[in-house]
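Peer 1: Could you have a look at this structure, given as structure tokens, before my questions?
Values quoted throughout were computed directly from the atomic coordinates according to the rules given, and no laboratory measurement underlies them. Quantities reported herein were computed from a predicted structural model and do not represent experimental measurements. All Cβ positions, glycine included, derive from the backbone under ideal geometry; neighbour counts span all protein chains shown.
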Ligand code: FAD
Ligand code: NAD
């Protein structure tokens, strides 16, 4: 078998792995990256990017439908719009193609040796990669595991045929007339909105009594209201028993009553689990935390010279966390002292309205015994929100009572995802309410709601 040696071997070319490889190579570390499927991983190929493209297309189609129905408050009227779903999927695929080939170019530019093949771990310093039918043994000083995650299937409804994973839902051959979505988490809610707007009848079944458990009721209420208004039917506190083509999805509610939900397709979105099996990881006998590989504050595993990042290390399973961890490991391999201890990993749910959470929640502050002040500013009092025709929602700030240091930001509303940058920066820089309140924010922008929330927490609100 042919052999090569390198300083760093990265297994997995998703946001965690490809960022780690680029950064390490930039710092002069000889780096090999093995990717069995496509560069960009879940996020670029079957996750973040294609889902946001589909959500955008669905919104554009719904806007056109409202205009055709004569209900556009803006006074825009169009003739009957039609959806060419094949073209929508091709447009989405084009974006994915541009971004993944961009990642390939960035890896090449940085000098990373990319092996297009599946890696099997032999020990903490060796893996065998199958490249085009040939096996190549790679020896390394540092092994970085970035193998990501995979969707959880329900035993009574394995993926295939009418039972969709998120990957299937992002490349539909046709629009299901009746879609049942199991799980009202990120994927379930984002895609429920999208499919409803594209024209499907959508029913959601969720085991818990709440949707999006990390978000408090004030944040999720506008999303639930919008779901109901759009005609999505929600069954909370219900468990799914199975599926058959004739009756659809068999559901049991909290009173143990059973009923069936007719469905042409069923999207199962009940979470993702770290990808730990099938490539020799077990042989390393790493310390695990549940199903995830346990890591310390340096992203080091329990074996010296073996690192792990991204979804493989568990929640929160977010692309920007994986990227930041990847950079952190690359710098350490290059000899720089680094730790992964962020103050805030923003979470954005791309529902309609969007939800953003950055830093501590009020519940987390309470549990930590921190005395806080908090204030909300309604988007109904923000000029830009009104000109966008989207006045629901608010921006909320949470700060320490004693010194006004900002601990968290939370927002719900149209377009608030873009406020995540301002939220994260103020928290990481240790800003106080006075810093944000005293910063001139451009008018008219949604950002003014950020400043106004800080002003309000200081008892100095101007526009409410
Ligand atoms: P992955 O992206 O999963 O990449 C792992 C890579 O490793 C894969 O390409 C895989 O082929 C490769 N691999 C695995 N085993 C081997 C092996 N043995 N040999 C070689 N290669 C291997 N996150 C957000 O932050 N924002 C969003 O809006 C968002 N939307 C999402 C929407 C959907 C529908 C889904 C499914 C996920 C979404 N996520 C989102 C989550 C995000 O995609 C993940 O958190 C992110 O991709 C994790 O990156 P990663 O590098 O850890 O793993
Ligand atoms: P999730 O954990 O967000 O939601 C899963 C939901 O399914 C939960 O509400 C859970 O109570 C419910 N559930 C579990 N078992 C069930 C059952 N048997 N019947 C009915 N309901 C059940 O998981 P997801 O939506 O599959 O997303 C997976 C991961 O992908 C997320 O953790 C997130 O990190 C990532 N993601 C992020 C974004 C984003 O950042 N915008 C978007 C999509 C996905």
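Peer 1: Is the chain best put as rounded, prolate or oblate by its Cα gyration tensor, with a ≥ b ≥ c the root eigenvalues, rounded for a/c under 1.5, and otherwise prolate when a/b is larger than b/c, oblate when not?
Peer 2: oblate
Peer 1: A further question follows. Please order 409, 91, 243 by the number of other Cβ within 10 Å, starting at the fewest.
Peer 2: Least crowded to most crowded, the residues run 91, 243, 409.
Peer 1: Could you let me know the centre-to-centre spacing of segment 1-67 and segment 266-343, using Cα atoms, in angstrom?
Peer 2: 16 Å
Peer 1: Here is a further query. If you count the DSSP beta bridges with both ends in the chain, what percent of them are antiparallel, to the nearest 5?
Peer 2: Antiparallel bridges make up about 60 percent of those DSSP assigns within the chain.
Peer 1: What is segment 163-270 by shape, rounded, prolate or oblate, if you read a ≥ b ≥ c off the alpha carbon gyration tensor as root eigenvalues and call it rounded for a/c under 1.5, prolate for a/b larger than b/c, and oblate otherwise?
Peer 2: Oblate.
Peer 1: What nm distance separates the two modelled labels at residue 256 and residue 216, each placed 7 Å from Cα along Cα→Cβ?
Peer 2: Result: 3.7 nm between the two label points.
Peer 1: Is the shape of segment 347-457 rounded, prolate or oblate, going by the alpha carbon gyration tensor and its root eigenvalues a ≥ b ≥ c, with a/c under 1.5 for rounded and a/b larger than b/c for prolate?
Peer 2: prolate
Peer 1: Then there is this: Using the basic label-point model (7 angstrom from Cα toward the beta carbon), what is the residue 442 to residue 152 distance in nanometres?
Peer 2: Label-label distance for residue 442 and residue 152, simple model: 4.2 nm.
Peer 1: Multiplying the sequence separation of residue 297 and residue 56 by 0.36 nm and subtracting their Cα-Cα distance, what value in nm do you get?
Peer 2: Working it through step by step, the gained length comes to 83.1 nm.
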